[in-house]
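To keep things clear, I will list the structure first and then write my remarks on it.
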Amino acid sequence: MGGRVGGRRVTTGSRVTTAIALVCALSVLVLPGQASAAPDPGPGVGSDGDKSLEEVRREIDDLYRKAAVATDAYNLAEDQAQGQSGEIVKLAKSIVVGEEKINKLKDRLGAQARAQYRTGGVPQSAQLMLSGNPDLFLRGAGRMQQGQSAVKSMIDELSRTQEDLRTYSKDASTQWTKLEANRKNKEKAQKEVKKQIAAAEKIEARLAVKDRDRMLELERDAQSRSQTAWLGSGALKGGKGGAGTDQGRRAVAYAMDQIGDPYVWGAEGPYAFDCSGLTQQAWISAGRGIPRTSQEQWRLLPRVAVSDMRPGDLIIYFADASHVAMYVGDGAMVHAPRPGRNVTVAGAGSMPILGVVRPG
């Protein structure tokens, strides 16, 4: 399986090697207890202009983080709405089947009633009982008992089916109410996402090209410092994660194949992704379905210690679990960062880690 890195095709093995090399280039590997010096920021850092630019960078990051939270809310509402729509379809089919069954039962009961009408209201089996012939009487008694049992069974079945239909209709009404509520939640979250992204893009648009380039340097410097401090803390020391499973490696291969694809909020492939869309599709490709949003992935998947994480595990970031990435090994992860960025490899400790979950 091949991927795109710098416009050329590469193998899964070389992608992982490239990822590790890139992360090592972004951070200085330090021993536990060793001070981690910030990378040389270059000329001008520390001036009032650069300090202002750093504040702008943080403001933009904050807006995109708010957009990520709203994106999670949108994705959750979308996922729930799809589930409710599917449930409504199932209930509608059950209602149709139930109505057909009721019609058939009514037809059978109607046939019984018409037969009695034709014999003057006395069933044929009862006429046999009154014939004076002992053999006919016994056969008639048996048939009457069978007929009564059959009619009672049909009436009971009709009653149960009618009750089932009332339950199906009530459930369908409940699902419609939930569907409408989630539709409103989706609309609200969608407006919030667009609002936050528009605000961030408006700020970025006011910056000169050189300031945008400088802000990108500041962003990389901040990530490198975080990664260096994280590695220096010994977070990965003494872990039992190992090389991971075949399923986990397949998930990593899928995610690495998407390097260079753009981040688009609410997207889950095949040519664009948001953060949780990427991790979900990667694990689906490996044969394991997982929740759609980073917050649900954090809430529902088994948790493991950071030191024990292995390739394929999901790293959840920030206190609100608003971002997720996939660990690829050796302190590196692959993720869809934010609007305006592409799927890329970065240091696993370049953002504040909330915890790690293991899909399989």
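The values are calculated or read from the model by the stated rules, or taken from the named source; none is laboratory data. Note that the coordinates shown come from a computational prediction; the quantities given were computed from them, not determined experimentally. Positions of Cβ are generated from backbone atoms using ideal geometry, with glycine treated the same way; all protein chains shown enter the neighbour counts. Heads up: the accessible areas ignore ligands, DNA and RNA and are worked out on the full protein's heavy atoms, side chains in. Shrake-Rupley method; radii C 1.70, N 1.55, O 1.52, S 1.80 Å.
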Of 239, 244, which residue is in contact with an Asp or Glu (Cβ under 6 Å, 6 or more places away or on another chain) and more than 25 Å from residue 54 (Cα to Cα)? 239
Just checking, which of 204, 217, 180, 187 is among the acidic types (Asp, Glu), touching a residue at least 60 places away in the same chain (Cβ under 8 Å), open to solvent by 60 Å² or more (accessible area, probe 1.4 Å) and in a helix (DSSP H, G or I)? 217
Within the range 236-245, is even one residue more than 28 Å from the chain's Cα centre (by Cα) and either modelled with pLDDT of 90 or more or in a helix (DSSP H, G or I) (or both)? no
For the range 330-345, which residues satisfy the criterion of being in a strand (DSSP E or B) and surrounded by fewer than 23 Cβ atoms within 10 Å (Cβ to Cβ)? 342, 344
Given the options 277, 260, name the one that is open to solvent by less than 50 Å² (accessible area, probe 1.4 Å), under 20 Å from residue 353 (Cα atoms) and of a type in the set (Gly, Ala, Ser). 277
Against the condition open to solvent by less than 60 Å² (accessible area, probe 1.4 Å), at pLDDT 75 or above, among the small types (Gly, Ala, Ser) and in contact with an Asp or Glu (Cβ under 9 Å, 6 or more places away or on another chain), how does residue 172 come out, does it pass? yes
Scan the range 299-308 and tell me whether some residue there is surrounded by 24 or more Cβ atoms within 10 Å (Cβ to Cβ), touching a strand residue (DSSP E or B) at 6+ places or on another chain (Cβ under 8 Å) and either charged (D, E, K, R) or within 23 Å of residue 61 (Cα to Cα) (or both). no
Counting just the residues of the range 312-329 that are touching a helix residue (DSSP H, G or I) at 6+ places or on another chain (Cβ under 8 Å) and open to solvent by 20 Å² or more (accessible area, probe 1.4 Å), which one comes out farthest from residue 251 (Cα to Cα)? 320
